[in-house]
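A.B. asks: Take a look at this one; I'll ask things after.
The values are calculated or read from the model by the stated rules, or taken from the named source; none is laboratory data. From a predicted model like this one, the values you see are computed outputs, not experimental measurements. Every residue, glycine as well, gets a Cβ built from its backbone with ideal geometry; the counts of neighbours run over all protein chains shown.
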């Protein structure tokens with residue numbers, strides 16, 4: 001199997017105590033859908049990141065995430081950690 005690009009959107013909530021909690025990541029069919037989903041989620045979630053990753057599922061190999069869109073106060077450390085969320 002050849003490698004492909006996977007698009008995902010990761011949103012986060014904020015508890016009353018100020019703790020950031022990740023929601024379940026959502027897969028999008030393409031970049032446009034990922035951007036639209038991120039924008040819609042940004043209306044009701046604390047922060048949202050849409051990203052893509054090149055992968056080869058046959059060998060369980062995943063490339064680094066490439067940020068497509070971000071909404072809210074997304075810290076740089078969280079972007080570096082996106083690979084572990086999906």
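A.B. asks: Name the residues in region 43-67 that are at pLDDT 95 or above and more than 12 Å from the chain's Cα centre (by Cα), would you?
C.D. replies: Result: 43, 44, 45, 46.
A.B. asks: Which of the residues spanning region 51-86 are within 13 Å of residue 12 (Cβ to Cβ) and touching a strand residue (DSSP E or B) at 6+ places or on another chain (Cβ under 8 Å)?
C.D. replies: Once the filter is applied, which keeps residues that are within 13 Å of residue 12 (Cβ to Cβ) and touching a strand residue (DSSP E or B) at 6+ places or on another chain (Cβ under 8 Å), region 51-86 yields 70, 71, 72, 73, 74, 78, 79, 82, 85.
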